[in-house]
Amino acid sequence: MTASQIIFYLISAFILSMGVLSVTSRKIFRSAIWLLFSLIGIAALYFWMDVQFIAAVQIVVYVGGIVVLIIFSIFLTQQSGKEMPKAPLLRTIAGALAVLFGFAFTFLLIDQYGFPAIDQPFDNDVARIGNAMLNTEQGGYALPFEVVSILLLAAMVGCIVIALKTKPEEK
Amino acid sequence: MSIFFLLLQQELLLTAIIFVLLFVKLSTKQWNSQTVLSFVNILLVVNLAAGFFFKEKGTLFGDMFQTNDLLRFEKNILNLGTLLISLQAYNWLLKHKHAIEFYLLMLSTLLGMFFMLSSSNLLMFYVGLELASIPLAALANFDLDKKRSSEAAMKYIMSSAFASGLLLFGISLIYGMVGSVNFTDIAVAASENPLFLFGFILLIAGFGFKISAVPFHLWTADVYEGAPVAVTSYLSVISKGSMLFVMTSVLSTVFANLLFQWYNIVAVLAVLSMIVGNLFAIRQQNIKRFLAFSSISQVGFILIGMSGANIESHSSVVYFVLVYLFSNLAAFAVINVISEASGKENIDDYKGLYKTNPALTWVLAIALFSLAGIPPTAGFFGKFFLLLGGASKGNYLLIIVAALNMVISLYYYLRIIKAMFMDANETPVEKLAISWSPKISMAVCMAGIVVTGIISGAYEYIYSLLK
């Protein structure tokens with residue numbers, strides 16, 4: 001095993017264990033923090049893959065933006081110190097079995113059949129990403145880019161409508 | 001340059017309407033809600049009419065977008081359905097504070113469906129799908145002071161996120177195998193490699209969630225029951241219909257190599273959907289829940305037609321979605337009027353409806369006849385063509401199961417008709433005055449049920465588009 005592989009497994013173990021902690025923690029605020037670490041781990045994985053730009057985006061958007069939003073909304077809505085009830089044992093076992101089965105199944109399939117087109121060199125230059133994003137010709141991503149912006153607009157409108165809702169009179 | 005506008009005409013017009021509405025909302029002037037609603041409905045009529053004027057076909061943005069006669073026609077069907085739902089929701093929206101936002105969200109999801117229909121790679125397909133489902137969760141929450149409505153939205157967004165996760169995992173496996181997300185490349189590379197098949201199955205799970213085929217149907221009943229009636233009808237007709245269009249064409253073109261595999265998957269989904277949908281529909285008391293299970297079993301029949309995998313079966317699916325749109329929207333129009341006026345949504349409340357509201361009763365009865373597939377309504381021909389398309393594979397066992405299920409479904413549709421016409425009720429729904437807009441919508445649906453059934457032109461037209 002080379003050093004690079006060892007680093008990969010270390011990062012992956014970090015991501016997975018943080019993910020497990022974020023799901024199993026019974027305090028919602030802690031869950032959010034574990035999620036934060038898991039997302040930082042993914043950014044590390046991108047650095048490991050040598051795609052610095054995407055790693056930076058991962059940190060700026062997920063770590064800097066989304067987790068902060070999650071924490072804000074926890075403070076605004078939930079009692080963050082309260083412990084949530086424990087999941088029933090049967091559900092824990094069923095969940096663990098489903099994870100185990102899904103993991104084993106996917107792992108065996110990928111291990112046996114593999115992906116054919118690996119090791120293709122790819123150019124992750126920021127200038128090229130920027131050009132592709134606004135290119136309308138073959139291989140350009142202008143259309144999905146625009147459609148996603150409409151999605152964001154619609155999502156914002158939807159959030160505002162739901163959040164604006166006038167509370168029924170307090171009794 | 002002009003070809004750009006002609007090809008994208010339907011999407012651009014819809015986007016323009018969305019932005020006009022956004023500016024109307026943002027303007028400082030307080031518009032009278034009656035004026036706004038009439039204005040929106042006029043825009044939707046224009047939007048529907050404009051779709052019939054252009055015939056250009058081609059691709060844009062490299063391979064991101066394609067359009068042709070069939071896709072245009074399918075989009076026109078969706079436009080028509082949206083207009084009808086908008087007319088039915090008129091009275092509800094008149095009292096609602098956020099009527100414009102309702103249209104903003106609804107038209108955004110429609111736009112997403114258009115891009116999904118026109119996609120020629122998995123990336124655009126996925127982006128369109130998300131645009132078509134995330135705003136729908138907000139729409140399901142539009143009865144803002146009802147807890148059930150929020151619950152419906154919550155259930156919808158959670159299960160839709162889960163389905164998206166499965167779908168994305170499938171897409172990434174396929175991308176890993178093929179090295180491209182283009183439909184043409186995938187069609188060439190599609191093979192019986194188990195890893196590819198696993199990705200394909202996950203893709204079908206994503207489809208199955210949207211059309212709520214059993215076993216991906218668990219969200220359906222709760223969301224349909226909790227959401228406002230207009231949103232329920234939108235979910236059951238437009239959202240489902242668009243996904244059926246995409247699924248039919250993707251399965252028969254992109255995955256033509258895997259015909260044997262997907263035929264078996266679709267057949268199993270069809271049988272499960274019909275049986276589970278029917279058995280649960282029999283014991284429902286709430287009429288929206290009832291229609292949720294009835295729509296699940298209808299999807300089972302559509303999947304039978306889809307399994308034929310030839311031009312006839314493809315056109316039978318498109319034709320049935322058109323017929324289903326008229327029938328289901330007619331039923332929802334009546335439910336909408338009654339629920340709006342009296343808040344009653346249980347089947348028992350419909351007892352004795354004929355005594356007080358004969359016109360509404362007849363509309364609902366004809367809609368249910370059409371859903372059950374009784375001649376001479378269009379539903380009969382729709383189901384007939386579906387079974388004919390499915391039978392072309394020679395798997396008669398499947399067709400027999402479908403025929404038996406049609407008998408079961410007849411029982412529970414007739415149960416409602418019996419309740420309306422024959423059962424006595426001490427406190428029936430009082431006599432309702434129906435305003436002009438639901439009336440127009442019901443008239444169009446009734447005309448649609450009769451015309452698409454009696455005149456064979458509709459089916460032949462769809463068939464000619466596919467040739």
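Every number here is computed from the coordinates shown, using simple stated rules; none is lab data. This is a predicted model, so every value here is computed, not measured. Quick reminder, even Gly has a Cβ in these numbers, built from the backbone with ideal geometry, and neighbours come from all protein chains shown.
How large is the helix-only mean residue ellipticity at 222 nm for chain A, computed as the sum of -39500 (n - 2.57) over DSSP H runs with n ≥ 4, divided by its residue count, in deg cm²/dmol to the nearest 500? Result for chain A, helices only: -22500 deg cm²/dmol. Within the shell defined by Cβ-Cβ distances under 14 Å, the residues around B:MET422 carry a net charge of +2, with Lys and Arg each +1 and Asp and Glu each -1. Restricting the range A:3-92 to trypsin sites (Lys or Arg not before Pro) that sit in a DSSP loop and have at most 11 other Cβ atoms within 10 Å of their own Cβ leaves A:LYS82, A:LYS86. Only helices reaching 30 angstrom along their own axis (Cα) with mean Kyte-Doolittle hydropathy no lower than 1.0 count here, and for the DSSP H runs of chain B these are B:259-282, B:311-342, B:396-421.
The shape of the range A:1-86 comes out oblate: with a ≥ b ≥ c from the C-alpha gyration tensor, a/c is at least 1.5 while a/b does not beat b/c.
Shown for chain A are the DSSP H helices of 27 Å or more along their axis, judged by Cα atoms, with a mean Kyte-Doolittle hydropathy of at least -1.0: A:3-24, A:28-48, A:89-113, A:142-163. Among the lysines in chain A, how many pairs, 8 or more places apart or on different chains, have alpha carbons under 28 Å apart? Close lysine pairs found across chain A: 7. When the Cα convex hull of the protein assembly as shown is projected onto planes of every orientation, the mean area is 30.9 nm².
Rounded if a/c is under 1.5, else prolate if a/b beats b/c, else oblate: with a ≥ b ≥ c from the C-alpha gyration tensor eigenvalues square-rooted, which is chain B? Cα axes put chain B in the oblate bin. Where only DSSP H runs of four or more residues are counted, chain B gives -24500 deg cm²/dmol as its mean residue ellipticity at 222 nm, each run worth -39500 (n - 2.57). Shown for B:CYS445, A:CYS159: other C-beta atoms within 10 Å of each C-beta, ranked fewest to most, produce the order A:CYS159, B:CYS445.
Here is the list for the range B:266-321: trypsin sites (Lys or Arg not before Pro) lying in DSSP coil, each with at most 15 other C-beta atoms within 10 angstrom of its C-beta, are B:ARG283.
Please compare each pair in B:LYS25/B:LYS155; B:LYS210/B:LYS393; B:LYS25/B:LYS75; B:LYS147/B:LYS355; B:LYS383/B:LYS431; B:LYS383/B:LYS439 to a cut-off of 32 Å on the Cα-Cα distance and tell me which ones are over it. Exceeds cut-off: B:LYS147/B:LYS355; B:LYS383/B:LYS431. Taking square-rooted eigenvalues a ≥ b ≥ c of the alpha carbon gyration tensor, is the range B:19-172 rounded, prolate or oblate, where a/c under 1.5 means rounded and, failing that, a/b exceeding b/c means prolate? Oblate is the answer for the range B:19-172, as a/c is 1.5 or above yet b/c matches or exceeds a/b.
Across chain B, the mean sequence separation of Cα contacts (distance under 8 Å, 6 or more residues apart), normalised by length, yields a relative contact order of 14 percent. Specify the longest stretch of chain B that does not include any exposed loop site, a site being one of the GluC sites (Glu not before Pro) with a non-H, G, I, E, B DSSP assignment and at most 13 other Cβ atoms within 10 Å. For GluC sites (Glu not before Pro) (loop position, at most 13 other Cβ atoms within 10 Å), the longest site-free span of chain B is B:193-425. Among the chymotrypsin sites (Phe, Trp or Tyr not before Pro) within the range B:54-138, those in coil by DSSP and having at most 15 neighbouring Cβ atoms inside 10 Å are B:PHE54.
Taking other residues whose beta carbon is less than 13 angstrom from the beta carbon of B:VAL246, and scoring Lys, Arg as +1 and Asp, Glu as -1, yields +2. For the pair the range B:336-371 / the range A:43-61, the C-alpha centres are spaced 58 Å from each other. Per-residue shielding of B:131-139, expressed as the average number of other chain Cβ atoms within 10 Å of the residue Cβ, stands at 4. Taken along its principal axes, the alpha carbon cloud of the range A:26-171 reaches lengths of 63, 40, 22 Å, longest axis first.
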